[in-house]
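Engineer: Let me begin by handing over the structure; questions about it come next.
Values in this text are rule-based calculations from the coordinates and carry no lab data. Note that the coordinates shown come from a computational prediction; the quantities given were computed from them, not determined experimentally. Please note: Cβ atoms are built from the backbone with ideal geometry, for glycine as well, and neighbour counts cover all protein chains shown.
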Amino acid sequence: MTAPGQERELEALLALSRRSRAKLDRLREVLTSPGHYGKGATPATVVYRENKLRLLRLQDETGEPFAGPPVLFIPAPVSRFFIIDLLPGRSFAAHIAKAGFDVFIADFGEPGEEDRFSDLEYYVEGLVRRSVRKVLALSGQPKVNLIGYCLGGTLSLLYAALHPDSVARLVLLTTIVDGDVKGGVAWVAHRMGLEGESYDHPRLVPAAEVKSWFEMLAPGSNSQAGRVRDLWDRLGDSPERLRDVRTMASWVDDVVPAPGRLLAEMYQKFGPGRNRLMSGTATVGDRVVDCAAVTMPVLAVSAEKDLIAPPEGVDAIGKLVPHTEVMRLPGGHVGIVAGRSAAALWQRTADFLASTRG
Amino acid sequence: MAEPNPENGPTIVERWLEDQQQWQRTVLAYLDAMTKNDDFLVHLGNAMRGSLLAGKPYPTAPSPAGETSAPAAAPDDRIDKVLFALHQLEGQLADVQLTLEEIRGGRARSAAAPAIALKRARARVKKAAAKTPAARASKARTPSKARKRKGRA
């Protein structure tokens, strides 16, 4: 016969054993169910290909492109595009399409070894410019609405300054323009050796290294023990919630390698201590970027808790392009675009784009 | 040993034994998943790193600078430079193609524009002519004349 004290201990151990087993069973269930492999949630056709770039055009239920003025999403080339088309019912791109726009997404793909020679000019005057041309040709419109996210916002801003006649409206999401504002991924990359990245002899910066810069910014996520503990705690959530977590993990953890020349050039031009966007001396190839040419309406959105792109560095666009509507939302770098409260950003963006019509 | 209590169900020991059996089932289910699903081990490895990343292994941490045992030989860039130059050419060709499409589209539009304008102008003239009194009278006469001609024939 067990003493009452012993029995209580055994009961507690038994309860712990059951909880742990339930979590392991749930983990197996999640790991054996199909994951979200980054193909995007909304049906789309590839309308243009160049190198690793795929230009996607979203389709409605009948398989036709959505009707309305064209919108081109430019995500960051160092991450997967599908953060803006994450899940059915949780897709920024689909929300914009359903608001009455013909939506295109530039998927930069995963650079190969030879793409380490890609520079800013190759992206802005090459991939982005030709994507815009293709969008204009397909839509039959003279101008496109651009939505750039993070580093994709930098590319969009540079493009809009160099080719203002082809841009109807510009939306910049968590896009740093003031490189001297401390914090954020540029500063971490600076501390971790980006300064030593060679423009003349570039390497393809491994995905794990790019990821380590982001991990340095998120307390708790930079240690394996911390990540395992977080996951273990989350295994008590519902399977639906875990599937969402898995989809997000498939984006967060699946960073792509980065062209060393692009990073070196961006660091040398826009990084801490250089800050050539703010000083008005930025160039793309031989062309000087004149932000005074950005005369189209601009919406810039920063996130209050953004550890990757500090909000002050994002809001500084107001000094460069004074007519910019600057908006700061509660949430983090990813949360405002694809989190549970992202609908506020989606609707504000749709309203901003819709006000161009008529 | 705890005595069975018919009112409260199985004893703590019985429940322990049952829990052990459940653990065996859990372990067997994991083994089963490993044999049936090729990706399972990759996914499990990711989970052991604290990630639910699907479809590929979690990116491994880069080795800290200076830890490499031997200095790496300078890579031969030539092939990659040629490949990248080909990608740049691919872009330039795409530009040419887009320009040709624009020219073709512009010609089609400019060719279509006068034709459409002519068609519309003809339609407007026809409509206006139909509204004149002479035209209305002629229209009114036409059926009777036709009937007469038909009768003579």
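Engineer: Cross-link candidates for A:Lys98: which aspartates and glutamates have Cα within less than 16 Å, leaving aside residues fewer than 8 places away along the same chain?
Structural biologist: Straight-distance partners of A:Lys98: A:Asp60, A:Glu61, A:Glu64, A:Asp85, A:Asp351.
Engineer: Another one. How long are the semi-axes of the equivalent ellipsoid of segment A:67-204, defined as square roots of 5 times the Cα gyration tensor eigenvalues? Whole Å, largest first.
Structural biologist: Working from the Cα gyration tensor, I get semi-axes of 28, 17, 15 Å.
Engineer: In addition: Which of A:Val181, A:Val255, A:Val46 moves most in a GNM of chain A, Cα contacts under 10 Å?
Structural biologist: Comparing A:Val181, A:Val255, A:Val46 in the GNM, the peak value goes to A:Val46.
Engineer: While we're on this one: State which entries of A:Lys39/A:Lys134; A:Lys182/A:Lys305; A:Lys23/A:Lys305; A:Lys182/A:Lys319 exceed 19 angstrom in Cα-Cα distance in the structure shown.
Structural biologist: Beyond 19 Å: A:Lys39/A:Lys134; A:Lys23/A:Lys305.
Engineer: To continue, here is another question. Would you mind telling me which residue in A:Lys211, A:Lys143, A:Lys39 has the biggest mean-square fluctuation in a Gaussian network model of chain A, where springs connect alpha carbons within a distance under 10 angstrom?
Structural biologist: Comparing A:Lys211, A:Lys143, A:Lys39 in a Gaussian network model of chain A, the most mobile one is A:Lys39.
Engineer: Rank these for me by crowding, A:Ile84, A:Ile105, A:Ile74, going from fewest to most other beta carbons within 10 Å.
Structural biologist: A:Ile105, A:Ile84, A:Ile74
Engineer: Now a separate question. Using a 7 Å offset from the Cα along the Cα-to-Cβ direction at both A:His323 and B:Ala85, what is the distance between the two label points in nm, to one decimal?
Structural biologist: 4.4
Engineer: Going by how many other Cβ atoms sit within 10 Å of their own, how do B:His43, A:His163 line up, fewest first?
Structural biologist: Ascending Cβ contact count within 10 Å gives the list A:His163, B:His43.
Engineer: Rank A:Thr295, A:Ala354, A:Gln268 by how far each Cα sits towards the positive end of the charge dipole of segment A:211-358 (+1 on Lys, Arg Cβ; -1 on Asp, Glu Cβ) and give me just the farthest.
Structural biologist: Comparing the listed Cα positions along the dipole, A:Gln268 ranks first.
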